[in-house]
Amino acid sequence: MNRTRLTSFLFLSAVIFALLMNSCASSRQAAPERLDADLQRKLEAVVSGFRGDVGVYVRHLVTGQTAAIQPDTLFPTASMVKVPILCAIFDKIEKGELKYGQELLYRDSLKYDDGVTGSFRDSTKKPLAELVMLMITLSDNTASLWLQQLAGTGTTINEWLESNGFHQTRVNSRTPGREAQRKIYQWAQTTPREMATLMATICQGNAVSRSASEEMFRVLSKPYWDGEAVSQIPSTVHVASKSGAVNASKSEVVLVNAPGGDYVFCVITKNQQDQRWVHDNEGYVLIRNISRLLWTTFGDGRDWKPQPGSEKWAK
């Protein structure tokens, strides 16, 4: 091959590669919303009769199919607040104010409960990356509050949320000026639409930076607490999720990399009458039923259900 042909070949290869990359990038952007009336009816049927308040937001990112129930109503986040904390930590890393692999010194004064981090001996050294894993994978509260502090307090996290278009999601705990909201929503508050949108933003590479988003998405793809929404999706399908639970509220935000295209959803309850901490709590059952409905709608065409007896693996 002469020099002219080689140059033309290399130029054409570069163009083709660029086009492929642009195609991949564009496929990760959410299509405009369009109400799926059939799915809306099915969703309302699943929610009907629930003893408490329910908020749901569902969106297929490729087709734009959407269904929702009280998507812009405020609900407590419970442990879903750990997703905004995660974003704020990676923002600090992106700015060079923290390092993902840096060692941190645990002190007994940081202890919140008897989880994994709260069981560390005083002066134990742990890398920041491990605390991130404990916060998201195990939903460890001491690690989460430590990371909230490292992010620069709840005020800093709220400023990041506001600047990125999340006007309703806020940290209340340990955040000056938000004492009244904390009495109502506890640690933090959000809406189903905003929490689902935040998860989609991470998946699409648009939170903090593309590289930060990719790492955050990997972390969110390793949940230990997988007995609700995740349990209704085949184990061979990639899923990222974060759940939350307090006495009167159960919640989960999920992004599914389904064969027919990514879809995201968030289910949150509040004022639940059923406050039992058991597998068949009405909030948990609702989340599983909605997740199963969405897989049947957006999955690969199979009406897939967990194997009988799978509930014994529920944590």
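The values are calculated or read from the model by the stated rules, or taken from the named source; none is laboratory data. Please read all numbers here as calculations on a predicted model, not as lab measurements. All Cβ positions, even for glycine, are placed from backbone atoms using ideal geometry, and neighbour counts span all protein chains on display.
The residues of the range 54-113 that are acidic (Asp, Glu) and loosely packed, with under 14 Cβ neighbours inside 10 Å, listed by number, are ASP72, GLU94, GLU97, GLU103, ASP108, ASP113. I need the full set of residues from the range 220-247 which are in contact (Cβ under 8 Å) with a residue 40 or more places away in the chain and either farther than 14 Å from ILE287 by Cα or in a helix (DSSP H, G or I) (or both), in order please. Across the range 220-247, the qualifying residues are LEU220, LYS222, PRO223, TYR224, VAL230, SER231, GLN232, PRO234, VAL237, ALA240, VAL246.
With respect to ASN257, determine if the residue is surrounded by fewer than 24 Cβ atoms within 10 Å (Cβ to Cβ), at pLDDT 95 or above, assigned to a strand (DSSP E or B) and not aliphatic (A, V, I, L, M). The answer is yes for ASN257. Name the pairs: first residue in the range 151-176 and of a type in the set (Lys, Arg), second residue modelled with pLDDT under 95 and part of a helix (DSSP H, G or I), Cβ to Cβ under 9 Å, at least 6 apart or on different chains? Short answer, once both residue conditions are applied: ARG174/THR153. The single condition among (1) of a type outside the set (D, E, K, R); (2) at pLDDT below 95; (3) surrounded by 21 or more Cβ atoms within 10 Å (Cβ to Cβ) that CYS24 does not satisfy is (3). Given the options VAL254, VAL264, VAL278, name the one that is in the same structural domain as PHE298 (by TED's automatic domain parsing), free of Cβ contacts under 8 Å to residues at least 24 places away in the same chain and more than 13 Å from ALA78 (Cα to Cα). Exactly one residue qualifies, and that residue is VAL278. Among the candidates ARG51, ARG59, ARG41, the residue that is modelled with pLDDT of 95 or more and in a loop (DSSP other than H, G, I, E, B) is uniquely ARG51.
One line per residue, one yes/no per condition, for (1) part of a loop (DSSP other than H, G, I, E, B); (2) in the same structural domain as HIS60 (by TED's automatic domain parsing); (3) over 20 Å from ALA245 (Cα atoms); (4) out of contact with any Lys or Arg (no Cβ under 7 Å at 6 or more places or on another chain):
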| residue | (1), (2), (3), (4) |
| --- | --- |
| LYS126 | no, no, yes, yes |
| LEU131 | no, no, yes, yes |
| MET135 | no, no, no, no |
| GLY165 | yes, no, yes, yes |
| SER173 | yes, no, no, no |
| GLY205 | yes, no, yes, no |
| SER213 | no, no, yes, yes |
